[in-house]
Every structure is written in structure tokens, then in C-alpha cells.
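Q: What follows is a structure written as C-alpha cells; I'll ask about it next.
Throughout, read-outs are computed from the coordinates displayed, never taken from laboratory work. These figures come from a predicted structure and were not determined experimentally. With ideal geometry, Cβ positions are generated from the backbone for all residues, glycine too; neighbour counts draw on all protein chains shown.
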2 protein chains.
Amino acid sequence: MYLCTAHNYANMLTIDPKEIPVAKLHHYLLGAVGPRPIAFASTIDKEGNDNLAPFSFFNVFSANPPIMVFSPARSGRTNTTKDTYNNIKEVPEVVINIVNYAIVHQMSLASSPFAPGISEFEKAGLSAIESDTIRPKRVAESPVQFECKVIEVKELGDQGGAGNLVICEVLKIHINEAVLNEDQMIDQHKIELVSRMGGNWYCKADENSMFEITKPITTVGIGFDQLPNDLMNSVTLTGNDLGQLAGIEVLPNETDVNEYKLIELSDLFVSLEDEPEKLEIELHTKAKALLSENKLNEAWMTLLAFNNG
Amino acid sequence: MYLCTAHNYANMLTIDPKEIPVAKLHHYLLGAVGPRPIAFASTIDKEGNDNLAPFSFFNVFSANPPIMVFSPARSGRTNTTKDTYNNIKEVPEVVINIVNYAIVHQMSLASSPFAPGISEFEKAGLSAIESDTIRPKRVAESPVQFECKVIEVKELGDQGGAGNLVICEVLKIHINEAVLNEDQMIDQHKIELVSRMGGNWYCKADENSMFEITKPITTVGIGFDQLPNDLMNSVTLTGNDLGQLAGIEVLPNETDVNEYKLIELSDLFVSLEDEPEKLEIELHTKAKALLSENKLNEAWMTLLAFNNG
């Protein structure tokens, strides 16, 4: 398991993008920026022919107005533009369909270079349904479908590998009720989003990979500069542990620490009363376990107990 | 486990973004578009004071030229602009530091609303190191650091929640050698990227959540429309299974199927020779297991054996 700690960040590979081939630069950009959300974009040409293709140069960028941006880039091999880009120049409308685990192989299939005029909906076995406000069709199997008008296309270059920012305003949102919780909000466990990484890799967001960090919006933590030296020099606590500890707003007071020590830690203090170094390691280990359960106050009381009374 | 299958996509919640409060719209956008990569942006004001803040309205959009975009949006609560936005208007330079699991809590701490003039580097316990080409400093603990010049800032609105596209060109890339493989490329398992989802949720990309889909770039699969009816109507095979099957370029020939049947499947055919329906289910189950190991040809031979000879 890789841990980026002080002892190893001295050795860096430094790259000037202008001095390496575009394909290699592409690898570094896609290997470092991720996991990337996937826009499964449905467009039409001026004759009304459907096109459906996935793009991971994509994200939401604004809530008011609701704006998403994706980039159907020029081919790095052939410098041709994609059907999606050509369609949007003819008909500036797009449905951005969200991809979850249940349709990831069908999405991948739709990204094959089928000849123009071949329907990716049909080839990928996906159901096309009418949109409310625009002409391109939605993917029925997608858990969330955004009907968008394209407000601007910004070309970033004219060489192979150049991106094209397609700036979209969301006109309508359709959400499968199966991914909603009882408050009609999207449940992050139910939606099972997938995202794109470097190489052939994808990432699945589920109970194995999701974790929570709760952070007050208007209050601030004490910060690393207020952490006692014995914690900063701990062999047990990592940067992440210290980051959590430094996020506390106010330290627990001495009375609470003493009470916690008496009730929760007395066995430990009694058994190791003649071995303070071992006791300190045990307390740090216990605090680390409490942090992993988001028990910030208890972790602090455990650590402060060492120097108390 | 949620599966988006034909029986449940009829029930959709449809939303007009103009008819709901911005905070609710914000929830739907962030709950559906994800996991989002994180730009840990280091900027300076015109006096040279450091600022460090994370943004998940972020992605790479072009390799040639190398372009990244992130959005320090106007506050939905107070309609104020962020220090990062203000700094970039004064000094159009930024280091985009990538966030991995080892520094996720320190990154979260840096996102607290510290007063202007307070260094997030110090508060989050991160080491500031000089850049080669620009004035803002890099985060030493970040596994990949992109030195960028800002080529354009595009304001998307002036109300609370409005995004601001900060369009950046990458001038220099620094990669910690600990995340490289022996070919000096980024190893997706070693980098341990984290990304942002809705609510307080993050997603960790590791061996539990990463999966591969190999897809030829220049060839195309047969497509769903060429799948036999008995597969389309299978009670065992899902859309993902069919998506993999439809991705095959050429079906295995009859000789290969017969040989595979003889060597690999004869026990099954003998034991169930009087129960064709049960045999079919067993073969579909076996094919599904082969698909999960990416054994596409073997899965097809298993399925085709049912109707052969």
C-alpha cells in the first residue's frame, strides 16, 4: 500500500508537456486526473439521425445557472472530429445520460467506432425515449438524464488531441425513482455510479469504496499548528489521523478528559503504569481506531489522558 | 443492490431546474454527476499570500494543448466569491495538486473557511515547495502537481451558486516516483486517487472498486441486434453480460465450439441430457461466470454449444 509520507516525496519525475509525445502526455493527464464522471451523450445530426457516445472529459461546473461541460476531443491518432461534436455544431442540443454499474458494458459497447448511420442505441441494446424539451433522445436505462441546450462550443486547438469544451445548460432532469431515498433525494449507495480512470480502468462507487468526511461549513478546526508535539511526532498517527484531529473546533476540557480516562481507560493505565512509552503507543493506537469510526472527541480524550493528572 | 432493468425505468421523477430552490438543484447535480476528481488549487494574491483550497468542479479536457478546467463557484449561501477566484483574477497562475487517500483529511481541513491571511498549508500540515515556472507553491505531499497558467476565466452568472470556469494550460508536471510503474507511467493501483460524490461522500479508487473493460479502439462488436433471441430472453444474463457478448467481433466457429463442448462441457451435457431447460440455465450461469473473468470467447462457446450438434 502506497503512503505518501515525508520520507518519499523527494523523488519526483518532472515533465515539460511540450517535450513529450501527445500520446504519453495524454496518459499522464488521464492517469492523474480521476476518477472522472461519464457523460453518455445523446445527440442528433440535422437529418435527425441518433448518436450516442460516452465522454469522461466531463463534469458539472455551476448550479445557478445549472451548467455542465464535456469535451469530445479531436482524435489523437487521426485528428478527426467525433460525430458528437459534428452533431452539436448542426443541432446544439444534447441529453447527458449518467452511467451506473448496471449499464457500464453497454456504454462501453456504444463507444466502439460504428459507421455513421448505425444507431448506437440499437447496437448497445439501449432504449431511446423522447425528451420533453429537445430533439435528441434519452437513454431509458440511465438512472439520471439531463436534457441540455448547448450554449457555447469552445475549441481549444486544431491539432490531434485538442479538446472542444461543449458548455451545456440543463433544461430538464429525469431521475429514476429507484435511486431516490424517501426524501426524494439521490441516494449515493443506490445509484452505483461508475467513473473512468487511466488505461482500461473504471471505478465503481459502492459500500466498499465510499467513505464519509463530515465537515462543518461555517466553523474552522484548530489546525496542525495547534497540535501538541507528541502527536506530530507519533509513529502511529498518519497525516490523515492528524488532519482529523486538527479539524476539531475546541479541545475537550480537563474534567471530561479525566472522567473519560477513569471510565474508559483505567485498565490500560493500570496495566502499563510502569511502561509509559508502551502506554503512549497503545493510546495512539486506540485514538487511531476511534478516528476511523469518526469519534473525534473520544480520540482527543484518549490522547489528552496521557498528559493529564 | 439496485439493477436498472426494464421493469423499473418507467417511474421517473422529472424536474424543471427553474422551479426548485438552488440548494436542491445543487444536490441533484452533485448527487448524479460523480465521482468527481479533486483539484487541490494553490494560488497567491498580488501580495504573494498563499491560498490552498479543493474543488471538485474539475477535470482535464484536452491533451494538445494540455487543458484543465475547474470552477471556484460563487457561494450559494452568501453569493461571495472564493479567495481562489479572487487570487486568479490578480495572479493568473495555479498549481493543481492531485488528492489521494493519504492526504484526504488534510485536504478536507484546508477547505475550512479560515480567515484571509491564514495559511492553509500551515493549518493543514502540508509542505509548500517552490514551482519551476509560476509563483504559487506546490503541495509536496500531493502525488501529482500540475503547474498551470490561467488562459481564461469565464463567469457563468452573477447569482449565488454561479460557477466560474477557470481554464488552465499545464506548463509543467511533477509526479512522485512512488506512483509510477517500471515503465515510468502512472500505476492506477499505486496512486490511490480519491474523488468527490454527493453529500459528505468520497470514493476511494483501489483494488476493491477498480475494474477493467478492455475494448479494441479500431474494431467494432457485432452489437445487440445480432444476439440470438435465446440470449436476449435469458433469465440469467443481465444487460452488462449481453453488452460484453455483443462486443465480440466474430463469433467462434462451429469446429471450435464442438471441441470446447467435448472437452469442457461434456459432463454437464451428459448429466442433464433429459432436462434441456435446466441445461440451458446451467450453461448461461457458466457463461456469466466466464464473462466476469473477461473470457469472452469461452463464454460464447459455452452458449453456442447448446444449439450445436
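Q: For label points placed 7 Å from Cα toward Cβ, what is the shortest-first list of nm distances from residue A:219 to its copies?
A: 6.0
Q: From the label point of residue A:11, set 7 Å along Cα to the beta carbon, how far off in nm is each other copy's matching point, shortest first?
A: Reported distances to equivalent positions: 5.6 nm.
Q: May I ask you to report, in nm to one decimal and beginning with the shortest, the distances from residue A:24 to the same position in the other copies, taking label points 7 Å along Cα-to-Cβ?
A: So the distances to the same position in the other copies read 5.3 nm.
Q: From the phi of every residue in segment A:92-107, what ³J(HN,Hα) in whole Hz does the Karplus formula 6.51 cos²θ - 1.76 cosθ + 1.60 yield, where θ is phi - 60° and glycine or proline is x?
A: In residue order, the calculated couplings are x, 9, 7, 9, 8, 9, 7, 9, 10, 4, 5, 10, 5, 6, 5, 4 Hz.
Q: Calculate the radius of gyration of the Cα atoms of the protein assembly as shown to one decimal place, then report Dmax, the largest Cα-Cα distance, as a whole number, both in Å.
A: 26.4, 85
Q: Could I ask something else about it? Just the Cα atoms of segment A:207-289, one point each, no solvent: what log10 I(q)/I(0) does Debye give at q = 0.12, 0.14, 0.21 Å⁻¹?
A: Each listed q corresponds, in turn, to -0.46, -0.62, -1.18.
Q: If you plug each phi of segment B:174-180 into the Karplus form 6.51 cos²θ - 1.76 cosθ + 1.60 with θ = phi - 60°, what whole-Hz ³J(HN,Hα) values come out, in order, with x for Gly and Pro?
A: Running phi through 6.51 cos²θ - 1.76 cosθ + 1.60 with θ = phi - 60° gives 10, 10, 5, 4, 5, 9, 8 Hz.
Q: Okay, moving on. Based on alpha-carbon positions alone, could you give the equivalent ellipsoid semi-axes of chain A from the gyration tensor, as √(5λ), descending, whole Å?
A: So the three semi-axes of chain A are 51, 24, 17 Å.
Q: Suppose we flag GluC sites (Glu not before Pro) only when DSSP calls them loop and at most 12 other Cβ atoms lie within 10 Å. Which is the longest uninterrupted stretch of chain B?
A: B:48-129
Q: Work from the charge dipole of chain A (Cβ charges, +1 for Lys and Arg, -1 for Asp and Glu, about the Cα centre) and give the residue of A:17, A:60, A:100 farthest towards its positive end.
A: A:17
Q: To the nearest 20 debye, what is the magnitude of the charge dipole of segment A:92-202 about its Cα centre, counting +1 on the Cβ of each Lys and Arg and -1 on the Cβ of each Asp and Glu?
A: Numbers: 9 positive and 16 negative charges, 60 e Å.
Using only the charged Cβ atoms, the result is roughly 300 debye.
Q: A follow-up question, please. How about segment B:268-309: which trypsin sites (Lys or Arg not before Pro) there are in a DSSP loop, with at most 16 other Cβ atoms within 10 Å of their Cβ?
A: Those that pass, being in a loop and sparsely packed, are B:295.
Q: Right, something else. So what are the ³J(HN,Hα) numbers for segment A:248-265, from phi and the Karplus equation (6.51, -1.76, 1.60; θ = phi - 60°), rounded to whole Hz, Gly and Pro as x?
A: 6, 7, 9, 5, x, 7, 4, 4, 5, 4, 5, 5, 4, 4, 5, 7, 9, 10
Q: Pick out, from B:234, B:179, B:127, the residue whose Cα sits farthest towards the positive end of the charge dipole of the protein assembly as shown, with +1 on the Cβ of Lys and Arg and -1 on the Cβ of Asp and Glu.
A: Going by the charge dipole, the pick is B:127.
Q: Further, regarding this structure: At 222 nm, what helix-only mean residue ellipticity would the protein assembly as shown give, in deg cm²/dmol to the nearest 500, using -39500 (n - 2.57) for each DSSP H run of four or more?
A: -7500 deg cm²/dmol
Q: To continue, here is another question. Going Cα to Cα from residue A:286, which aspartates and glutamates come in below 18 Å? Please leave out same-chain ones fewer than 8 positions away.
A: A:230, A:241, A:256, A:259, A:264, A:267, A:273, A:275, A:277, A:298
Q: In addition: Assigning unit charges at the beta carbon (Lys, Arg +1; Asp, Glu -1) and nothing else, what dipole magnitude in debye, to the nearest 20, does the protein assembly as shown show about its Cα centre?
A: 2120
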